[in-house]
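First up is the structure itself, then whatever we jot down about it.
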Amino acid sequence: MRCPFCGFEDTKVVDSRPVDGQKRRRRECTSCGKRFTTYEAVEKPVLLVVKKDNSVELFDRNKLIKGLSTAVKKRPVSAEDINKIVDNVENCFANRMQSQITSSEIGDTVLQHLKDIDQVAYVRFASVYKDFTDVESFIHIISELKSGK
């Protein structure tokens, strides 16, 4: 990190702490001794979602939260659990450095997390995500849950 005062390229970190999703670092120049502050934030790639009809839209965290909230309505699932699922979905694809994902990849990832949290919410989410049209679809997914697949 270059010193903003003298331009020397060697500085040391004196203090580091998280602030609003960023890292705040107090640095000291090893040449002139002056101190300054820097902020470090993780840069997340722009994530595009390819939908079933092949249209493309930006990943919308709030849209996923809304869908999950509907699935967990009147279930013992906290808002914190919902946010963790959405964080995991975002991080999963960001870590792969993918810029495009399909809506089915998102749905499958959400279902993996919901299966461990609440099975009723899992069935509710699956019924919308997999577009159930008959009772047999519900019976099939419930039998999968019972068999532990």
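The values are calculated or read from the model by the stated rules, or taken from the named source; none is laboratory data. As the structure is a prediction and not an experimental result, all values here were calculated from the model. Positions of Cβ are generated from backbone atoms using ideal geometry, with glycine treated the same way; all protein chains shown enter the neighbour counts.
When we screen T11, T30, T38 for residues that are within 30 Å of D87 (Cα to Cα) and either at pLDDT 90 or above or β-branched (V, I, T) (or both), the only hit is T38. Looking at (1) within 16 Å of D108 (Cα to Cα); (2) without any contact (Cβ under 8 Å) to a residue 60 or more places away in the chain; (3) surrounded by 14 or more Cβ atoms within 10 Å (Cβ to Cβ), find the lone condition where D81 falls short. So the condition that D81 fails would be (1).
Going residue by residue through region 105-127, is there one that turns out to be small (G, A, S), under 12 Å from the mean Cα position of the chain (by Cα), farther than 19 Å from K51 by Cβ and part of a helix (DSSP H, G or I)? Within region 105-127, none of the residues are small (G, A, S), under 12 Å from the mean Cα position of the chain (by Cα), farther than 19 Å from K51 by Cβ and part of a helix (DSSP H, G or I). Can you tell me which residue within region 55-72, out of those that are of a type outside the set (V, I, T) and loosely packed, with under 11 Cβ neighbours inside 10 Å, is nearest to Q119 (Cα to Cα)? Going through the qualifying residues, I end up with N62. Just one residue in the set N62, N54 is closer than 24 Å to S104 by Cα, assigned to a loop (DSSP other than H, G, I, E, B), out of contact with any Asp or Glu (no Cβ under 8 Å at 6 or more places or on another chain) and not aromatic (F, W, Y); that residue is N54. Residue count for region 97-106, restricted to those that are of a type outside the set (A, V, I, L, M) and surrounded by 19 or more Cβ atoms within 10 Å (Cβ to Cβ): 0.
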